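Report on the following structure.
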Amino acid sequence: MTVGVLALQGDFREHAEVLRALGAEVELVRRPEELARVSGLVIPGGESSVMDKLSRTFGLAGPLRDAVRSGLPVYGTCAGLIMLADTVLDGIAGQQSIGGLDISVRRNAFGSQAESFETELDVPVLGAPPVHALFIRAPVVEVVGPRVRALARLADGRCVAVQQGNLLGTSFHPEITGEHRFHEHFLRMVSGAEAGGRAAS
Ligand code: GLN
């Protein structure tokens, strides 16, 4: 199966490496023709306001919205999660998202004192052991819509991983810490969507 990685900006190379290690064909996506060839898409970490601007400049914003609406499986990490959120809090002026996930995310939610930190997270859908999660100027999911499943929460209850239909998002970066289980979970979502046709999320 061919899985795309949005390669406008951010840590797309790390995602491509994990996906290749798991046996997927990877297509770096910068143009609508490339997006049209993939069965699933990863949106990497980076800077969501820049990714938003570049996606509009490259004519990808509309095709990305259409792809999400038609049920393409998409996994976003950190800035990628922000891109998938229906509502972005503390965005820059005029910042837009692709949307699809019925959530509100707050950018840079941990402030300057905890810009980066690592912690162990229980993620029941992945089983044991806990996920060693790396947060870098990370967002949190402040509002989780009724059709959205919270997959992981910090000890204080704040939600940092979600799934809604074919959309998956994490505030943290499994692609950097050698944690492959989220990508495996995502590849199963992609296979399921290929086998069963795309379900609108
Ligand atoms: N703070 C960044 C943003 O708003 C996200 C950081 C990241 O992807 N590591 O997009």
Failed criterion for Ile98 (all others in (1) more than 12 Å from the ligand (Cβ to nearest atom); (2) touching a residue at least 60 places away in the same chain (Cβ under 8 Å); (3) assigned to a loop (DSSP other than H, G, I, E, B); (4) crowded, with 20+ Cβ neighbours inside 10 Å hold): (2)
Filter pass, Glu142 being part of a strand (DSSP E or B), in contact with a Leu (Cβ under 7 Å, 6 or more places away or on another chain) and more than 19 Å from Val68 (Cα to Cα): yes
Meets criteria (away from the ligand (no atom under 16 Å from the Cβ) and either over 22 Å from Pro73 (Cα atoms) or buried (at least 21 other Cβ atoms within 10 Å of the Cβ) (or both)) for Leu168: no
In segment 53-63, the residues that are buried (at least 17 other Cβ atoms within 10 Å of the Cβ) and either over 17 Å from Asp11 (Cβ atoms) or more than 16 Å from the ligand (Cβ to nearest atom) (or both): Lys53, Leu60, Ala61, Pro63
Residue match in segment 117-137 (condition: within 16 Å of the ligand (Cβ to nearest atom), of a type in the set (Phe, Trp, Tyr) and crowded, with 20+ Cβ neighbours inside 10 Å): yes
When residues of segment 76-86 are limited to those that are within 16 Å of Glu47 (Cα to Cα) and not in a helix (DSSP H, G or I), the one nearest to the ligand (Cβ to nearest atom): Cys78
Residue identified as touching a residue at least 12 places away in the same chain (Cβ under 8 Å), assigned to a loop (DSSP other than H, G, I, E, B) and closer than 25 Å to Val50 by Cβ among Ala109, Ala133, Ala161: Ala109
Residue check, Asp66 surrounded by fewer than 21 Cβ atoms within 10 Å (Cβ to Cβ) and either near the ligand (Cβ under 10 Å from one of its atoms) or without any contact (Cβ under 8 Å) to a residue 24 or more places away in the chain (or both): yes
Residue within segment 24-42 that is in contact (Cβ under 8 Å) with a residue 40 or more places away in the chain, out of contact with any strand residue (DSSP E or B) (no Cβ under 7 Å at 6 or more places or on another chain) and buried (at least 20 other Cβ atoms within 10 Å of the Cβ) present: no
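Each reported figure results from applying straightforward, stated rules to the coordinates on display, with no laboratory input. Given the structure is predicted, the values throughout are model-derived calculations rather than measurements. With ideal geometry, Cβ positions are generated from the backbone for all residues, glycine too; neighbour counts draw on all protein chains shown.
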